[in-house]
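Here's the structure we're looking at; comments come further down.
The values are calculated or read from the model by the stated rules, or taken from the named source; none is laboratory data. As the structure is a computational prediction, the values presented were derived from the model and not from experiment. Methodologically, a virtual Cβ is constructed for each residue, glycine included, from the backbone with ideal geometry; neighbour enumeration extends over all protein chains shown. The area values use the complete protein model at the heavy-atom level, side chains included, leaving out ligands, DNA and RNA. Shrake-Rupley method; radii C 1.70, N 1.55, O 1.52, S 1.80 Å.
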Amino acid sequence: MKIALMDSGIGLLAATAAVRRLRPDADLVLSLDPEGMPWGPRTPADLTRRALAVAEAAAVHRPDALIVGCNTATVHALTALRARHEPDLPVVGTVPAIKPAAAGGGPLAIWATPATTGSPYQSDLIKRFAAGVTVTEVPCWGLAEAVERADDTAIDEAVAAAAALTPDDVTTVVLGCTHYELVADRIRAAVPSPGPQPLALHGSAGAVAAQALRRLGEQPAPDAPATGTLTVLLSGRPGALPEAALTYPEGGLLQAAVPARTAQ
């Protein structure tokens, strides 16, 4: 089994690590776009064009499924990606985990990029899945960019700024950008829980990985032999995991499980 994941940068690491944990025997293809990142500030048409190119580079390696490991790309490019590749290649998008977070009651906060915060897309998800729950949308200025660079000082400053915008009674935080899952521990430490229970954080990585397996009719097999390979593509060319990726446990898991190899 071969699963490809795509993003402009290392935000796909959380979903990649989740796939690796569920199926250590799966071959992985990571298609990144360092020449075009970040995708967030781009127009929808430009972002879609770049996403299609990144997906095409991954498709050359004939994966069985493609995960769009980016919330912004899912919003703007998922329809085009599915039109281009399905049904031959199932395409799985990444949606903020608002539905499971709202099921636990509230109040909850959604941490997302400034472009996503207040967007019609996110507002629609809130209306559909969090009706009756108190929801605060929190723009996280510079956090995704700081995570991408593995800049500890900038990460702490961005997390602190977002925490200051988060109401004191919030019991649950939705991580509405895949980059944020890489610093979940810092976010939990920065947002005090109003009660005896620790702050609940809801990311998308585990659900996305499980959905990819379901689309393939496969089951989790975490005890399978760790024989899966790792192929990295950088704007369509063979490469290796960016150094910043290796500073996070998710990147270290990939490197430790099987050394990254360049595509053939």
Helix-only [θ] at 222 nm, the chain, -39500 (n - 2.57) per DSSP H run of 4+, per residue, nearest 500, equals -12000 deg cm²/dmol
Under the Karplus relation with 6.51, -1.76 and 1.60 and θ = phi - 60°, whole-Hz ³J(HN,Hα) for the stretch 103-109, x at Gly and Pro, equal 4, x, x, x, x, 10, 10
Phi angles of the stretch 19-24, converted by Karplus (6.51 cos²θ - 1.76 cosθ + 1.60, θ = phi - 60°) into ³J(HN,Hα) in whole Hz with x for Gly and Pro, give 4, 4, 5, 6, 9, x
Diffing the stretch 133-148: the Karplus 3J(HN,Hα) column from phi (6.51, -1.76, 1.60, θ = phi - 60°), in whole Hz with x for Gly and Pro, holds 10, 6, 10, 10, 8, 10, x, 9, 5, x, 5, 4, 5, 5, 5, 4
Cα-Cα pairs in the stretch 132-206 separated by more than 20 Å, as a whole percent of all pairs, come to 26 percent
Long-range amide H partners of T136, meaning residues 5 or more apart or on another chain whose placed amide H is closer than 5 Å, are L108, A109, I110
Note to self: with every protein chain in place and a 1.4 Å probe, the chain gives an accessible area per residue in Å² of 43 Å²
The set of residues whose placed amide H lies less than 5 Å from the amide H of G236, leaving out same-chain residues fewer than 5 positions away, is L32
Unit-weight point scatterers at every alpha-carbon of the chain, Debye formula, q = 0.10 1/Å: log10 I(q)/I(0) is -0.46
Gyration tensor (Cα only) of the stretch 18-63 to equivalent ellipsoid, semi-axes in Å sorted down, yields 25, 13, 8
In whole µm²/s, the translational diffusion coefficient that Stokes-Einstein assigns to the stretch 32-127, given a Kirkwood hydrodynamic radius over C-alpha pairs, 20 °C and 1.002 mPa s, equals 147 µm²/s
A164 and K2 label points (each 7 Å along its Cα→Cβ direction) are spaced in nm at 4.9 nm
Taking a label point 7 Å from the Cα of A53 along Cα-to-Cβ, the residues of the stretch 66-88 whose backbone nitrogen sits under 14 Å from it are none
In whole percent, the fraction of accessible protein surface over the stretch 134-258 that belongs to carbon or sulfur atoms, probe radius 1.4 Å, stands at 55 percent
For L230, the residues 5 or more places away or on another chain with a placed amide H closer than 5 Å to its own amide H are L28, R261
